[in-house]
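The structure under discussion appears below in the form of structure tokens.
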Amino acid sequence: MIRLGVNVDHVATVRQARGIDIPDPVEAALLAEQGGADGITVHLREDRRHIQDRDVELLRRKIRTKLNLEMAVTAEMVRYAGKLRPDDVCLVPERREELTTEGGLDVLAHKARVQEATEALQGKNIRVTLFVDPDERQIEACGEVGAHGVEIHTGRYCNVLDDRSREREEIARAASLARRLGLEVHGGHGLNYENVLPIARLPEIIELNIGHSIVARAIMVGMERAVNEMKELLRKARSKSFEG
Ligand code: PXP
């Protein structure tokens, strides 16, 4: 069964819009777990635009699944994660110059810095995944810097509204290369209830991190049900009888 990491950043976005203490992303995370989330993901940004230090520290103590911290490749964040000890760290770009064309981390262009951060974090028993485009050169670079895994950026696939087969094929090729290199394969960005199935059916992908669409659905039906509906889709994607 594929794992579902629920990203609760945008619960914090709604809170920050008012500058008060509701809605609470920690409460949302606990409800997401009740709905079947296999992990909770948050991005602690340098500008603290949504998730705050307090959220991450409370999540570390309160959640029962695993904590995946998305963060920039900076010495300050590496120190922070080293103290916090999330289960996983996903290194993501925060500045324009760290981006590749589609929006993943440019591991190729920042190899030494990414390797240094990866080694420091993995030295503290934190699994490191690198958020990269479905680009074979980037995937190879992830293998070369010694990361535990990759999170393949699914944004381009999600942006296509009609025939996404070419973009899916790109992700499939990247996932299969990553697996051959011994990397664990995750995916995320832009996935929703309508576009997730073809990605969830790729056998190499063992985890999807999904945020915005689940939080948006949760506003309408509640977090527990929104997560449960996504879990059901993932279950369907991996069931033998599924033909779609
Ligand atoms: N994975 C990574 C690395 C991300 O940065 C994000 C967005 O914060 C997501 C997954 C989730 O994307 P979305 O909110 O579009 O589901």
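I need the full set of residues from the range 191-204 which are more than 17 Å from SER165 (Cβ to Cβ) and either within 12 Å of the chain's Cα centre (by Cα) or within 14 Å of the ligand (Cβ to nearest atom) (or both), in order please. Listed by number, the residues that qualify are ASN192, TYR193.
Which of the residues belonging to the range 117-128 are open to solvent by 20 Å² or more (accessible area, probe 1.4 Å) and in contact with a helix residue (DSSP H, G or I) (Cβ under 6 Å, 6 or more places away or on another chain)?
ALA120, LYS124
When ALA75, ALA28, ALA17 are checked against the criterion of being more than 21 Å from PHE131 (Cβ to Cβ), open to solvent by 20 Å² or more (accessible area, probe 1.4 Å) and not acidic (Asp, Glu), ALA17 stands alone in meeting it.
At least 3 residues being of a type in the set (Val, Ile, Thr) and within 13 Å of the ligand (Cβ to nearest atom) is the threshold, and among the strands (runs of 3 or more DSSP E) wholly inside the range 1-74 those reaching it are 39-43. Each residue in the range 83-116 was checked for being open to solvent by 10 Å² or more (accessible area, probe 1.4 Å) and either without any contact (Cβ under 8 Å) to a residue 40 or more places away in the chain or assigned to a helix (DSSP H, G or I) (or both), and 18 of them qualify.
Scanning the range 69-119 for residues that are farther than 19 Å from ASP47 by Cβ, of a type in the set (D, E, K, R) and in contact with a strand residue (DSSP E or B) (Cβ under 8 Å, 6 or more places away or on another chain) yields ASP87, ASP88, GLU102, ASP106.
How many of the residues making up the range 152-173 are closer than 27 Å to GLY123 by Cβ and either of a type in the set (Val, Ile, Thr) or open to solvent by less than 10 Å² (accessible area, probe 1.4 Å) (or both)?
Counting residues in the range 152-173 that are closer than 27 Å to GLY123 by Cβ and either of a type in the set (Val, Ile, Thr) or open to solvent by less than 10 Å² (accessible area, probe 1.4 Å) (or both) gives 1.
Do you know which residues across the range 129-148 are touching a Cys at 6+ places or on another chain (Cβ under 8 Å) and either of a type outside the set (Ser, Thr, Tyr) or surrounded by fewer than 23 Cβ atoms within 10 Å (Cβ to Cβ) (or both)? Outline the logic, then answer.
First, the residues of the range 129-148 that are touching a Cys at 6+ places or on another chain (Cβ under 8 Å): 129-132.
Result: LEU130, PHE131, VAL132.
The values are calculated or read from the model by the stated rules, or taken from the named source; none is laboratory data. As the structure is a prediction and not an experimental result, all values here were calculated from the model. Don't worry about glycine lacking a Cβ; one is built from the backbone with ideal geometry, like all the others, and counts go over all protein chains shown. Please note that ligands, DNA and RNA were not included when accessible areas were found on the heavy atoms of the full protein model with its side chains. Shrake-Rupley method; radii C 1.70, N 1.55, O 1.52, S 1.80 Å.
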